[in-house]
Amino acid sequence: MIPIEPCILRSDMIRCALCQNAPCGAVCEKVKPADLLRSVWFQNEQCAAQRLPEQNPCITCPAPCERACVRAGEVPIRDVVNRLYYQVKPECETPIPENEDRLKCDLCGIPLENPFLLSSSVVASTYDMCARAFEAGWAGVCFKTICTLDIHEASPRFSAISGSDGSIVGFKNIEQLSDHSMAENMEIFRRLKANYPTKFILASIMGQNETEWSELARMCEENGADAIELNFSCPNMAEGGLGSDIGQVPELVERFTRAAKQACHIPVLAKLTPNVANMSPAAEAAKRGGADGLAAINTIKSIVGINPHTYVSSPAVHGQSAVGGYSGNAVKPIALRFIAELGQNPNLKGMHLSAMGGVETWMDALEFILLGGGSIQVTTAVMQYGYRIIDDLKAGLNLYLAEKGFSSVKEAIGLGLDSLSATTDVLERDTVVFPQFIRERCIGCGRCAISCADGGHQAIRLDENRRPALNGKNCVGCHLCILVCPQRAIQPGKKRITRRTEL
């Protein structure tokens, strides 16, 4: 499924701004370059290649798309399209599916047209926003957490760590809960359910005591919610024993889950905090309290960007800041670890796992599904790129399922759990996998030699032509060189069996 050199193909368009109503698309209807570039960005190259017309119109085209670009001359659109034609398209063995039936699944027995939901946050906080998301193709929303508190947000309340291409790698927020009144939120639920009866509404709630948890759950059900998500994990609502303070105490998780569950007749999910060593104690407590499923992870407590002149971290609010919640693609490895923990716990068998934490592409989503996620929630990527990312989330996952011969996304849930261990003790240690250098890609930068010398085992040197040469006696097969190569000119190669007595 993974096309030729997807990382390099994406790097070709690194200056693309992923514009709204992109000017490049306005001057070319033959290949729709804006849509192609967006698909490449979101690792959906095979679908992009198969959407191209049979004959390549870019060969003789003077590329007005590149001149129309908001960064004129900086994005090699024609070259990207040519690579889709001549490198990716010939490798496409599975045609784009005619429908999205494989994506159909359910959340605690309630049908979903696909596994993708907006998570509880600003991206799902008004009627208009949820309606536009539904129209775009999202299966449902987890509405921004409803409470009885009088919420007044700080300004500014976001900060981020960006990658070399300017995109957000990690995102910090000090956002709190819904600032609408209860009456306003209930009216939104009624309108959404009336106008979008097949879409899924997951109502996130947070109470201050058992009575409030019960009342909020009951009211959400009465006004159209399909299920309830109990917010035991917001890092920005810890004062007074709320949010993540609850999620760290299994006894409170059990008590408040029971209060909500007894007050309604629809499925209840407990949203758990990652600000713990292990999530299972709280998860098992939620199950004892009657929860039908679990949602994880919420954001991770964080501090970002200490200003070297004011000494205040970001976001700074009138000279003060606070610990906030960290999200984005940077937290995905941590989120996957917690989802795997829940997925492997036999005491949680049968509970729905609604997974989230750094999902941007269909491949990110697939990783969560393979570790037990039955539905996927997204926020930070939507904040950065918009609801439109649902197109590539669905198309990429649908093509993958077709290529693998799956008739339903549900068949992929948990397939990655059996090969995963919580510790490294079980791993085989007698085999060394040498790196293999792809000479025609190498530009002689020497990054592999530098990293191996100063961070590895001094097994690589540059020859007289500035090409890497391997010292097999020193190489231990750590693959640091593969990771640092900017050209993807190194890959796993031949294997050597080593006796333990030599180690």
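What the table shows:
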quantity	calculated
Likely footprinting exposure, Thr310, Thr379, fewest C-beta neighbours within 10 Å first	Thr310, Thr379
Those GluC sites (Glu not before Pro) in segment 97-188 that DSSP places in a loop and that have at most 11 other beta carbons within 10 Å	Glu98
Cα pair distances in segment 243-354, grouped into 5 Å bins until the bin that holds the longest one, percent each	2, 12, 20, 19, 15, 11, 8, 6, 4, 2, 0
Dmax and Rg, reported as Rg then Dmax, of segment 6-91 (C-alpha, Å)	11.4, 32
Dipole moment magnitude, nearest 20 debye, segment 205-316 about Cα centre, only Lys, Arg, Asp, Glu C-beta charged	280 debye
Loop-located trypsin sites (Lys or Arg not before Pro) in segment 322-412 whose Cβ has at most 15 other Cβ within 10 Å (DSSP)	Lys349
Label-point separation, Ala194 to Ile151 (7 Å along Cα→Cβ), nm	2.4 nm
Span-like helix ranges in the chain, DSSP H, alpha carbon extent 27 angstrom or more, Kyte mean at least 0.5	none
Ser280, Ser162, Ser375 arranged by Cβ crowding within 10 Å, fewest neighbours leading	Ser162, Ser280, Ser375
Length added when fully stretched, Glu411-Arg388, from 0.36 nm per residue minus Cα-Cα	5.6 nm
The chain: calculated mean residue ellipticity at 222 nm from DSSP helix runs of at least 4, using -39500 (n - 2.57)	-9000 deg cm²/dmol
Alpha-carbon Rg/Rh ratio, for segment 431-502, with Rh computed the Kirkwood way	0.96
Dipole magnitude (debye, nearest 20) for the chain, charges at Cβ of Lys, Arg, Asp, Glu	1520 debye
At R0 = 41 Å, FRET efficiency that the Cβ-Cβ distance of Ser164 and Asp101 yields, to 0.05	0.55
Values of log10 I(q)/I(0), in the order q = 0.06, 0.07, 0.11 Å⁻¹, for the chain under a Debye, Cα-only, solvent-free model	-0.32, -0.44, -1.04
Packing rank of 54-64, 483-493, where each peptide gets the mean count of other beta carbons within 10 Å, highest leading	483-493, 54-64
Potential extension, Lys494-Val432 segment - 0.36 nm per residue separation minus Cα distance	21.5 nm
Dipole magnitude of segment 61-214, debye to nearest 20 (Cβ charges: Lys/Arg +1, Asp/Glu -1, about Cα centre)	340 debye
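Bear in mind that the values in this text are calculations on the coordinates, not laboratory data. What you see is a predicted model; the values in this text were computed from it and never measured. In this analysis, Cβ positions are derived from the backbone assuming ideal geometry, glycine residues included, and neighbour counts consider all displayed protein chains.
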